[in-house]
Every structure is written in C-alpha cells, then in structure tokens.
Ligand SMILES: *Cc1c(COP(=O)(O)O)cnc(C)c1O
C-alpha cells in the first residue's frame, strides 16, 4: 500500500460487474432478457462506466429511474434501449422523446398524453405500462377492460411491455408475491385474449432471480443489487437457497490523516462518547458522514487496517472518522484503510454495515457521496 492519492475513494471492478451480469444471464437462460438497473448512478458504481461495460457484454436494455439519468447515458454514447421507471414530471416529457428514452407509464391518462405527443412529432413511441398489483405505489389499478380501451385508442403510442413490482419478494412467509403474480397474470391474460400481446412482460428485481422464483421471470428481469454483487437475505425463511453466485464489485477506502497515542481516560470526538479505558493508539481517517459513512456507525462500526479489524471510536463526523488501531500492525499517515471490501481474511460488505447502522445495503451503497473518487479496475 503506497501513500493514498485521495482522501477517500472507491475501486470498482468492471470485470466483476460483467461477471455478475453473465451469472444472472446464465441463471435465467436465453429466453429471458436481462435488463440491468443502473439508476442512482448505478448504485453509486458510476452509471456511465457500468453501462458501457454491460452493453459491451450484450445488454440490450438498461433501466434508470428518471429522465436525467437516461439523458446522461445518451450524452455518453449509450445506444441501448433505456427504460425510465420512476415516472416523469410533465415538464420532462419532451426530453423522453428527444433522448429516445422509453417511459414506464403509470396511468391511462398518460397513455393518451404520450400518444398525443408522439402524434405531434409524427413518430411511433413505445412505452411500458406498469400495473399496481399490490405494491400500492406507482402503477395503474385500472381493470384489463379499461387498459384495453386506452391502449386500443392510441395511434402512435405503442404498448411494448407490461410490468409490475413486487413488495415482499424476500419474504417467503408472505403470500403477497403469489397474490401479485396472480393479479399480474390475470391482467396479462385478459390483454392477450383480446389480441394485446406486448413482447416484454416483467416483474422481477434481483431477489426472485436469486432464489429461483421462475414464475416471476416472465420475458424480462430487472436486476440491480445482484449486478453489483449482492444477494439479499430472506427475511424469515432459511429456504430456498440462492441459485445465483455473484460478488461485490466495489471496495471503499480512506486515507489515514493522522496517527496518535491517547492516554487512559481520554475522550474522542463530538460529545466525548468514547472514553479510553487504557492507553490507545488512534488513527484519524479522511472520510466522514459527508462521504457516506453512516453516522450511526459511531462507536459501533469497524474498518479493516492491514488485514485486521479496527473499531470506529467516537462519533463519525462530517469529514473525519476515528478508529482504534492499538491492536493493528503499524500504520502511517497516507496509508489506506478499507471501509467496505476485503483485505486478506477480513471482509466488510454493505449488508454488514447496514445491519450495524440499522439500515439496508442499498442505502449504504447509494449513500457513497459524489466527492468520493472513483477508480475503475480492469481485474476482478
Ligand atoms: C430498483 C428497481 C429494481 C432493481 O431492484 P434490485 O432489488 O436492486 O434488483 C427493479 N425494478 C424496479 C421497478 C426498481 O425500482
């Protein structure tokens, strides 16, 4: 480990992202299209680089949350189909067409509006329709009859996909997934009986892929977490077992700013919430909650120093975090420590951090701030 060039940085293995994508493809097989989700800047792995990697690996579709996220990919030369999932404000609608983005439409009125816009431009504009089968968030709750009517009236807007989103996929003790799956099938079957058979039916994020819930795969799946190397644990049941093997692609590091010795009785950080019971050697790290280290790791979390765990002591501050390195090998200013990742036998992933901080791994990853530099690795 040479002296660090940055205060805090992430190292992202693009080959690992590629391997995770291929692992998902291998599990669902050639009949199911894999549409990786690269929203929230690819869960902070960097949407542009991740999207380039995935499209080079053969991804024909990418999913984002909003118009801005799609537009940035277009500006950087991504030509794959891009699905915008989390609705759009009226003011953003034109940019969907300008940037050749495919919207998920959540209401029958918006089908009419999308059709009107497409007609004005004289283009055929595809869209996916989201059905609310029980998530109770976005999506239409209209009947199949009403949907058929709105779809049939459209001249230039073309229904290309029907989707829904599962609320309790990781909870095998809940009947909600079965209920949602049945409700989705009922609508899709009714559309099909009336000659409306869009090519893309989809409802699966990572979890139903990971645990082999095949009835949720349909014609397309939308993995996010799994692409970044995470397998969500089931909330209650211990079976089924995961059928997907992926590994985290992101390692998060920080530089040591200072090393010093404190006597027994010394207090550390805001509020003096840590008191040394004996003489300790501490290191001050150049990253804090403004970089995304959860404040709730104060006095609770740990990092890896030269292959050894070192506890976080005192409050995590905005730009600094203090650790106890009394039992670690010698450390110098400029050395790198691992906040999230693996060094030898010691490993900390986003799920472990989330458990200690009382949050979820998604929030830990998305919380890594933009000021944390990104370095891309060309090896796993
Ligand atoms: C974020 C998201 C996904 C991906 O979820 P993961 O659990 O990360 O795989 C899939 N579908 C929709 C609608 C989403 O918003």
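The values are calculated or read from the model by the stated rules, or taken from the named source; none is laboratory data. None of these values were measured; they are calculated from a predicted model. Note: ideal-geometry Cβ built from the backbone for every residue, glycine included; neighbour counts use all protein chains shown.
Confirm whether residue 128 is within 24 Å of residue 74 (Cα to Cα) and touching a residue at least 60 places away in the same chain (Cβ under 8 Å). Spelling it out, residue 128 is indeed within 24 Å of residue 74 (Cα to Cα) and touching a residue at least 60 places away in the same chain (Cβ under 8 Å). Among the residues of the range 94-129, which ones are in contact with a helix residue (DSSP H, G or I) (Cβ under 9 Å, 6 or more places away or on another chain) and surrounded by fewer than 16 Cβ atoms within 10 Å (Cβ to Cβ)? Residues satisfying the conditions are 94, 98, 100, 109, 112, 113, 121, 123, 124. Of the strands (runs of 3 or more DSSP E) entirely within the range 297-380, those holding at least 3 residues that are surrounded by fewer than 17 Cβ atoms within 10 Å (Cβ to Cβ) and within 24 Å of the chain's Cα centre (by Cα) occupy 373-377. The single residue among 23, 86, 40 that is in contact (Cβ under 8 Å) with a residue 24 or more places away in the chain, touching a helix residue (DSSP H, G or I) at 6+ places or on another chain (Cβ under 7 Å) and outside the structural domain of residue 258 (by TED's automatic domain parsing) turns out to be 40. Within the range 214-234, restricting attention to residues that are surrounded by fewer than 21 Cβ atoms within 10 Å (Cβ to Cβ) and over 20 Å from the mean Cα position of the chain (by Cα), which residue is nearest to the ligand (Cβ to nearest atom)? For the range 214-234, the residue satisfying everything is 219. Summed over the range 153-191, the residues that are under 22 Å from residue 102 (Cα atoms), surrounded by fewer than 16 Cβ atoms within 10 Å (Cβ to Cβ) and without any contact (Cβ under 8 Å) to a residue 40 or more places away in the chain give a count of 1. Assessment of the range 92-105 against the conditions (within 23 Å of residue 168 (Cα to Cα) and at pLDDT 95 or above) yields at least one matching residue.
Regarding residue 240, is this residue surrounded by fewer than 23 Cβ atoms within 10 Å (Cβ to Cβ) and not assigned by TED's automatic domain parsing to the domain that holds residue 326? Here the answer is yes, as residue 240 does meet what is asked.
Among the strands (runs of 3 or more DSSP E) confined to the range 2-93, the ones with at least 2 residues that are surrounded by 19 or more Cβ atoms within 10 Å (Cβ to Cβ) and away from the ligand (no atom under 16 Å from the Cβ) are located at 8-13.
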